[in-house]
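The values are calculated or read from the model by the stated rules, or taken from the named source; none is laboratory data. These figures come from a predicted structure and were not determined experimentally. When we count neighbours, we look across all protein chains shown, and the Cβ atoms used for this are built from the backbone with ideal geometry, even at glycine. In case anyone asks, the SASA skips ligands and DNA or RNA and just uses the protein heavy atoms, side chains included. Shrake-Rupley method; radii C 1.70, N 1.55, O 1.52, S 1.80 Å.
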Amino acid sequence: MTYKGSGKRCPCSFWSVFVAVTLLVLPAWAAHDEPGTDRPRIGLALSGGGARGAAHIGVLKVLEELRVPIDYIVGTSMGSIVGALYASGMTTEEIEKVLTGIDWEYTFQDDPPRADRSFRRKRDDDLYLVKAKPGFNDGKLEFPSGLIQGQKVDLLFQALTQPVAHVDNFDDLSIPYRAVATDIVTGKAVVLGSGSLSQAMRASMSIPGGFAAVEIDGKLLVDGGVADNLPIDVARQMGADVVIAVDISTPLMTREEIQGALAITGQLTGILTRRNTEEQIATLTEKDVLIVPDLGDITTSSFSRAGEAIPKGVAAAELKQAGLARYSISEPAYAEHMRAREERDTEPPVIEFVRIDNQSGIGDDVLAEYLTIETGEPLDLPKLEADIGRIYGLELFESVRYDLVEEDGKTGIVVHAREKSWGPNYLQFGIALAGTEEGDNSYNLALAYRMTALNRLGGELLMGGQAGEEPGIKVDYFQYLDVDSRYFIEPKVEWGKSNFSLYDKDGDALAEYRVTSYIGEIAAGREFGAWGEARLGYRLYTGYAKIRVGDPSTPKESFQGGEVFVRLSQDKLDDTNFPRHGTIASLEWIGSRKTLAAYDDFDQVLAKGTAAFSMGKSTFILAGRYNTTLDDDAPIQNRFRAGGFLNLSGYNVNELSGQHFALLGVVYYRRLNDFNLLPIYLGGTFESGNVWEHEADIGDDLRYAGSLFLGVDTPFGPMYFAYGMAEAGRNALYFYLGKTFGHGN
């Protein structure tokens, strides 16, 4: 350096250069040491964005490669999930394996697997009532706060965070952590820094309307994206000098993309989220780093493509490598920084006590019978989740979850069973439609009112009515008799009208009767877990049959029955509408006796069974029925009927009747789509069977039939459009809405 116009060197030039270099180099040099230096504290802010959030994993991988230490993590929605798992000590490889391996479609469904449902609840499937049950209490309709209650999500998050379940203060995690949710009452952001880590994750990702709100400390919390989708401000509040912000939120749609009401609703939600995100981005300074992965057409719901988002996160972080490298530290310092993450204890704790937090009318001792966890043994998580699944399978609870707690130096489990907030009494609706090409159409509409948890043993009362082709009224009371929920008693009364047609050998209708019945029944029995039942009962019925179509001079015929019955039932079918695997079967003996107030003495045996097997999208079903009258002396109203879809397709509904009936059918169908809300199937059947008047004729003159059908599993029940074919040129077109497989007709 020289003075201007002199050629002499400045005597302070050396010191000027030294000071300048020192001022430039010292901060960078200091930032490469840890700890005890004055390097800047770095906070990582991860935004929400559903399945797009897998890109956060890619960003974390690059930060590790560059040896950029993370001192604080804060996340919203999916960002809170990735952030919590990383803060709990999981590696990026472990998080990637978890998020790409989860069956999100299954996890986001509240319905328990049918194997977990109690045998009592499985019998609800025998009715054609819609599964959705709004509450009806104190004369008011009540609905759940979200389409998804999050039972499976809760268990998933609890399993993933089990190694740090004892941590109550999120500052004590390997990296201090915060989750951001929204108070749905005030609309303000709520920062969660203590309590249950799994519940904090769950609250932060509860999309309003989609997921039920989560109550924490008296506040109803939903997805944090509503109030603070990219929580840069929270990272600064935690103490961050530098913020690395990762924005994976969905861009707003263009005008051309906005098509229809749903798109407009989605855009309004996006505007809300985008506005608070832009406000946060505006607070970034030149020392902060903003990373925005280019995720293209990966949407918030594209969880099957989560693996594609990870490399896009890597690419976006690498584009910011120059800015990130400023905060890189030395290998020894980074190893020391990461050492705390390696100290995570993954060994299951020894459980010393189990307690139930029961928020329902069911007795604590009843729920305790479902818990098989043994004290003094390490936590068996699969067993605990199976126990909780069976409690949830009672379908009385909004959620059943657990906490690992430490009390007086002992580790235990507290199971929280929360009754449905819209229960315990419910309304159910039903619709059944049937029709053929010949104009034989019918409809029935049903309304049922179910009262549950009437006492500590779980008594239930069902009152239902049906209008349409076959009107009726039913009152059914079911009561378990012991805390094991094994022995039961079930009295019920019914009144109803139905049609009974007689056909000649050519299939032409000779007459149609209108049958009115009054039935009283009481049964008692024992359930065998969730798979089977044995019951013994007595049934008394009376009624009359009036000619409806035919000779008007035909006199009204009265009938009366008094009978005992024994029934053995087994049900391991995974679904009753379109099963994929499993079996269902029953065997019943009926003894009608004049001494029991019947007009006729006779004995009948009824047997049926269905087995389903699947390969890929294809399913095969083998179904059989065999009903017989032991002495060929059953009255007309107790004969067996056949005809109709899947019951010798091609024949008219109930066209055939006799003292004996046998049917064997093979069904094949293939799923055509992957849309779980409305699965569609294409299939066909082959059926062989007949009815006979005399036992000696059983097996003679077998009739053969089959069908082709298109099936749709609708929210109102399975719907079929079918073409049935039988011998002698018989055929029929069917439109059918109601139960089929495993139920018989």
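Quick one: what are the phi-derived ³J(HN,Hα) couplings along region 654-667, Karplus 6.51/-1.76/1.60 with θ = phi - 60°, whole Hz, x for glycine and proline?
These are the phi-based 3J(HN,Hα) values: 6, 5, 9, 8, x, 6, 9, 8, 9, 8, 10, x, 10, 10 Hz.
Give the accessible area for Ser145 in Å² (nearest 10); use a 1.4 Å probe, count only protein heavy atoms, and leave out ligands, DNA and RNA.
Per-residue accessible area (Ser145): approximately 70 Å².
For region 702-732 and region 377-435, compute the distance between their C-alpha centroids and round to whole Å.
Cα centres, region 702-732 to region 377-435: 39 Å.
Net charge near Leu540: determine it from the other residues with C-beta under 9 Å of the C-beta of Leu540, scoring Lys and Arg +1 and Asp and Glu -1.
That sum, taken over residues with Cβ under 9 Å, equals -1.
Given a Förster distance of 35 Å, report the FRET efficiency between Thr595 and Arg548 from their Cβ-Cβ distance, rounded to the nearest 0.05.
0.60
Beyond 29 Å between alpha-carbons counts as too far, so tell me which of Lys188/Lys383; Lys188/Lys320; Lys287/Lys312 fall in that bin.
Beyond 29 Å between Cα atoms: Lys188/Lys383; Lys188/Lys320.
Protein chains only, probe 1.4 Å: how do Thr91, Thr619 rank by accessible area, largest first?
Thr91, Thr619
Rounded to two decimal places and with Rh computed the Kirkwood way over Cα pairs, what is Rg over Rh for region 615-721?
1.08
Which aspartates and glutamates, on any chain, are close to Lys97 with Cα under 16 Å apart, when same-chain ones fewer than 8 places away are left out?
Answer for Lys97, where 16 Å is the Cα cut-off: Glu308, listed by chain and number.
³J(HN,Hα) across region 137-150 via Karplus (A = 6.51, B = -1.76, C = 1.60, θ = phi - 60°), whole Hz, x for Gly/Pro?
Each residue's phi maps through the Karplus curve to give 9, 6, x, 10, 6, 10, 10, x, 7, x, 5, 10, 7, x Hz.
Can you tell me the FRET efficiency between Arg580 and Arg526 if r is taken as the Cβ-Cβ distance and R0 is 25 Å, rounded to the nearest 0.05?
Efficiency for this residue pair is about 0.30.
How do the peptides 571-582, 318-329 rank, highest first, by the average count of neighbouring beta carbon atoms within 10 Å per residue?
Descending mean neighbour count gives 571-582, 318-329.
Ranked from the most accessible area to the least, with a 1.4 Å probe and all protein chains present, what is the order of Arg456, Arg390?
Arg456, Arg390
Keeping the other protein chains in place, figure out the carbon and sulfur percent of the accessible area of the chain, with a 1.4 Å probe.
Heavy-atom surface of the chain belonging to carbon and sulfur, 1.4 Å probe: 58 percent.
Considering only C-alpha atoms, what is the centroid distance from region 78-99 to region 643-685, in Å?
After rounding, the separation between the Cα centres reads 47 Å.
So what is the diffusion coefficient of region 386-496 in µm² per second by Stokes-Einstein at 20 °C and 1.002 mPa s, using a Kirkwood Rh over Cα pairs?
Diffusion coefficient, whole number: 124 µm²/s.
Rounded to a whole number, what is D in µm²/s for the chain from Stokes-Einstein with the Kirkwood radius over alpha-carbon pairs (20 °C, 1.002 mPa s)?
My calculation gives 71 µm²/s for D.
So which helices of the chain fit the span-like rule, where a helix is a whole DSSP H run, its Cα atoms reach 24 Å or more along the axis, and its mean Kyte-Doolittle is at least 1.0?
13-30
With every atom except the alpha carbons ignored, what do you get for Rg and Dmax of region 444-598, in angstroms?
Computed over the Cα atoms of region 444-598, radius of gyration and Dmax are 19.0, 58 Å.
What are the equivalent ellipsoid semi-axes of region 457-531, built from the alpha-carbon gyration tensor (square roots of five times its eigenvalues), in whole angstrom, biggest first?
After diagonalising the Cα gyration tensor, the semi-axes are 36, 16, 10 Å.
Got a sec? What order do Asp603, Asp172 fall in by accessible area at 1.4 Å, biggest, i.e. largest, first?
Most to least solvent-accessible, the answer reads Asp172, Asp603.
What translational diffusion coefficient, in µm²/s and rounded to a whole number, does the Stokes-Einstein relation yield for region 272-422 at 20 °C and a viscosity of 1.002 mPa s, taking the hydrodynamic radius as the Kirkwood radius over Cα pairs?
103 µm²/s
What is the sum of charges, Lys and Arg at +1 and Asp and Glu at -1, for the other residues whose Cβ falls under 9 Å from the Cβ of Val475?
Net local charge, Val475 excluded: 0.
Would you compute, from DSSP H runs of 4+ residues alone, the mean residue ellipticity of the chain at 222 nm, taking -39500 (n - 2.57) per run and dividing by the full residue count, rounded to the nearest 500?
The per-residue figure over the chain is -6000 deg cm²/dmol.
Between region 546-618 and region 106-165, what is the separation of their alpha carbon centroids in Å?
31 Å
Please sort by residue number the chymotrypsin sites (Phe, Trp or Tyr not before Pro) in region 652-683 whose DSSP state is loop and whose Cβ has at most 10 other Cβ atoms within 10 Å.
The qualifying sites are Phe675.
With each pseudo-label sitting 7 Å past Cα toward Cβ, what's the Trp495-Ser442 distance in nm, one decimal?
So the label points at Trp495 and Ser442 sit 2.1 nm apart.
Kindly report the accessible area of the chain per residue (heavy atoms of protein chains, probe 1.4 Å, no ligands, DNA or RNA), in Å².
46 Å²
Quick check for me: using +1 on Lys/Arg Cβ and -1 on Asp/Glu Cβ, what's the dipole size of the chain about its Cα centre, in debye to the nearest 20?
1800 debye
For Glu406 and Phe613, FRET efficiency with R0 = 41 Å and r from the beta-carbon atoms, rounded to 0.05?
Result of the calculation: an efficiency of 0.30.
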